[in-house]
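Step one of this worksheet: look at the structure below.
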Amino acid sequence: MFLSIFDLFKIGIGPSSSHTMGPMVAARRFLEFLRDECNLSPPPVDVRLTCSLHGSLAFTGKGHGSDRAVVLGLMGCIPETLDPDSVDECLAGAQQQQCVIAEGFPQWRFDPSTDLVFDTREPLAGHANGMRFRACDAGQNCLAEQVYYSIGGGFVVTEDGLRGLAEESAAAHLQAVPFGFDCAASMVSMAQQHGLSIAEMKRRNEVCFREPEQVALNIQRIWHATRSCIQRGLSQCGELPGGLQVRRRAKSLFEQLLRSQRRGELGPTATTDWLAAYALAVNEENASGSRVVTAPTNGAAGVIPAVLYYHLQNNPQTPDRAIEDFLLTAAAIGGIIKTKASISGAEMGCQGEVGTASAMAAAGLAAILGGSPSQVENAAEIALEHHLGLTCDPVAGLVQVPCIERNAMGAVKAMTAASLALHGDGQHIVSLDACIESMRQTGRDMDAKYKETSQGGLAVN
């Protein structure tokens, strides 16, 4: 299926696209479902809303703020426009009043302390990130029910929507765009056949749904939010919330690098140090619940920004068109991976999050450094290949250890992959398509305790 660049890069808040943004979106959609499709608006007396979180959401939802996100969604909030500084006040109001009030919706009874349940016993069949919302009367009779799945990167689908994803014809869907590549091989073949870059094909697909000026403007808006996140993260210090006593490091590392630069004493690891500072800055902001851009997820949000920001800092005359090309190329790769496998840590482990982000960043960098479509595909494959098997085992269910450092490593791997690809001719043994399929199979075979449940790996050791 065709995925827009704006499906993969979405402005929201931390700490997780699947566990924070997804539940918030689902809760808001349940309000709309009650208002638009049920005869419960205005609600009968004594009707109460409930929500149960299942699978990975149940195991690591507290650390990822899933419970807070559900309450905010039931209060009408959406990730893109929510002010992170207003969250605590909103939550306190809901707890005190034991109801949720959203503009444009009826008031519903809802006590966050009793009506929101982390159900670790019953996983829902469709996906590891399942949510069940209900409206019940005073006798606990269900008046309306909806199940949603948060499938990674902030994407949310109903049970019917999940079946539709499995059944829809990707080929038919892709007929709506001029360059409907459904795999890496067809992407490269089309680019070579038409003499176009991957970015230009992606751009021409995007303008089928938006005016060209709007596409460019929205990409710049995404990049502005991303750059602001980096700069904010580089200026913050102190301890991250959650109880692990993880201290922010981006500001200190950044200031050390600036001092060394002024003295002319930058060492041989300077490139990786700058990349690490930028990646840490984003993911420390994400872990604190601040505004962040999915790239393609929150847990992997630092990789792509770090690589592009480093390039721009060292090439300040880079035109806006090159920034667009970087992000469009990255989105083309991310779209293929999401369609052919998954970008959800609860399905793939961290290979699906940081691995995908690294592949996207490598492709984007190779593209704006003059790489051919074959070299761009090669760069993405190298980066993804060397994340295969990477588990998602967050300590205490928080996106701090090992998640923050993994973004720094993903950025370094992306830059290395782009360099290796550009020093070759695009010919290589393992194709990106084969690598994506290997990741899908590895994720399928990986034990659930290593897929964002905090039941194995570093989380228990």
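As a length-normalised measure over Cα pairs under 8 Å and 6 or more apart, the relative contact order of region 174-246 settles at 21 percent. Simple spin-label estimate for Val207 and Arg259 gives 5.0 nm between the two label positions (7 Å along the Cα-to-Cβ direction from each Cα). Computed extension length for Gln245-Thr81: 56.1 nm, one decimal, from 0.36 nm per residue of separation with the Cα-Cα distance subtracted.
The figure for Asp115 is an accessible area of roughly 10 square angstrom, using a 1.4 Å probe on the protein chains alone.
Projecting the Cα atoms of Phe181, Ala250, Leu240 onto the dipole axis of region 142-262, where Lys and Arg carry +1 and Asp and Glu carry -1 at the beta carbon, places Ala250 farthest toward the positive end.
Dividing the mean sequence gap of close Cα pairs (under 8 Å, 6+ apart) by how many residues the chain holds gives a relative contact order of 18 percent. Sorting 287-300, 124-137 by average packing, meaning the other beta carbons within 10 Å per residue, from highest down gives 287-300, 124-137.
Using the structure shown, select from Lys251/Lys449; Lys340/Lys451; Lys10/Lys449; Lys202/Lys338; Lys251/Lys451; Lys62/Lys451 the pairs with a Cα to Cα distance greater than 23 angstrom. Checking Cα-Cα distances, Lys251/Lys449; Lys10/Lys449; Lys251/Lys451 exceed 23 Å.
Surface analysis of the chain yields an accessible area of 41 Å² per residue, using protein heavy atoms and a 1.4 Å probe.
Within the accessible area of region 407-461, the carbon and sulfur atoms contribute 53%, probe 1.4 Å, all protein chains present.
Dipole of region 386-458 computed with +1 at Lys/Arg Cβ and -1 at Asp/Glu Cβ about the Cα centre; of Asn407, Leu432, Leu458, farthest Cα towards the positive end is Leu458. Could you work out the relative contact order of region 1-111, using alpha carbon pairs under 8 angstrom and six or more residues apart, expressed as a whole percent? Here the relative contact order equals 35 percent.
Extension gain for the segment Thr271 to Asp137, taken as residue separation times 0.36 nm less the Cα-Cα distance, is 42.2 nm to one decimal. If R0 is taken as 45 Å, the Cβ-Cβ distance between Glu437 and Val45 corresponds to a FRET efficiency of 0.25.
Packing here is the average count of other Cβ atoms within 10 Å per residue, and on that basis the peptides 67-76, 180-189, 249-258, highest first, run 67-76, 180-189, 249-258.
Centre-to-centre, using Cα atoms only, region 365-444 and region 300-321 are separated by 17 Å. For region 199-281, the Cβ-based charge dipole about the Cα centre amounts to some 180 debye (Lys, Arg positive; Asp, Glu negative; other atoms uncharged).
Region 179-226 to region 28-83: how many Å between their Cα centroids? Answer, in whole Å: 34. Accessible area of His386 (1.4 Å probe, protein heavy atoms only, ligands and nucleic acids ignored): about 100 Å².
Rounded to the nearest 20, the size of the Cβ-charge dipole of the chain about its Cα centre is 900 debye, with Lys and Arg at +1 and Asp and Glu at -1. Length gained on full extension, Thr318 to Thr158: 53.4 nm, using 0.36 nm per residue less the C-alpha separation. Toward the positive end of the charge dipole of region 82-210, with +1 on the Cβ of Lys and Arg and -1 on the Cβ of Asp and Glu, the farthest Cα among Cys142, Leu116, Val207 is that of Val207.
The values are calculated or read from the model by the stated rules, or taken from the named source; none is laboratory data. None of the values given here were measured: they were computed from a predicted structure. For neighbour counting, all protein chains shown are included, and Cβ atoms are generated from backbone atoms with ideal geometry for every residue, glycine included. The protein model used for the area step is the full one, side chains on, heavy atoms only, and it has no ligands, DNA or RNA in it. Shrake-Rupley method; radii C 1.70, N 1.55, O 1.52, S 1.80 Å.
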